[in-house]
Amino acid sequence: MNEQMITQHQYNAFVLAQVNTDGWQNEETCPDCGKMAIRRDFESCHTGSVNAHYTLNCSHCGYHECEQDECSICDVKYDHNQHINDEVGKWLSFMDLVEDRLTEGRCVPGVLWTQFKHVMYHQPAVADLLDNVLGLGLPANCGRQVVHHVQRHIMDVRFKLNLEQRIQLAKLN
């Protein structure tokens, strides 16, 4: 038994000494503006394991992409986008509410409809994301078109309900 025993502390120190936290840099085309951006590949130790990560940063347009476990740049973007995501979630729920209320024979609350239009007209980022979620394929700053889409949806729901009622009446006669 000529094996050397090392302690857990020594092993951890050895592994961490081998981790390349500085990484390697090279230039890559920015997917946003097409100019040259800096890609950095590196290793880091998070939650007890060593993982390979990369970042892609463009100094021309501010584009940032990474796969780090913790990134201050992504956290700021997420915090900013969280408001937009919350608004989109709220208005998707509103659209479900509209359909439910119409199915029950009730009207759409006027205050909510006014708030919806206000957000669509004055918060283009929310309207654009809602457009993407709904898969409408509208151009940027599409608040007015999103409102028109929801109006058409309301009319379609009403039409289907009226059609079903008329079919039921025709069956009874």
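Bear in mind that the values in this text are calculations on the coordinates, not laboratory data. This one's a predicted model, so the numbers in the text were calculated from it and none came from an experiment. Heads up, the Cβs are rebuilt from the backbone with ideal geometry, glycines too, and the neighbour counts pull from every protein chain shown.
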Kirkwood-based Rg/Rh on the Cα set of the chain evaluates to 1.27
Relative to the compact-globule scaling 2.2 N^0.38 Å, provide the ratio for the alpha-carbon radius of gyration of the range 80-172.
1.23
Within the range 8-77: Cβ-based charge dipole about Cα centre, in debye rounded to nearest 20 (Lys, Arg +1; Asp, Glu -1):
100
Proximal charge balance of Asn51 [Cβ under 11 Å; K/R count +1, D/E count -1]
-3
Using helices alone, I'd like the mean residue ellipticity at 222 nm for the chain: each DSSP H run of four-plus residues gives -39500 (n - 2.57), total over residue count, nearest 500.
-19000 deg cm²/dmol
Quick check: pseudo-label points 7 Å beyond the Cα along Cα→Cβ at Asn57 and Ala170, how many nm apart are they?
6.7
What do you get when you divide the Cα radius of gyration of the range 8-77 by 2.2 N^0.38 Å, with N the number of residues?
1.32
Suppose R0 equals 45 Å. What FRET efficiency, 1/(1 + (r/R0)^6) with r the Cβ-Cβ distance, do Gln145 and Ile6 give to the nearest 0.05?
0.10
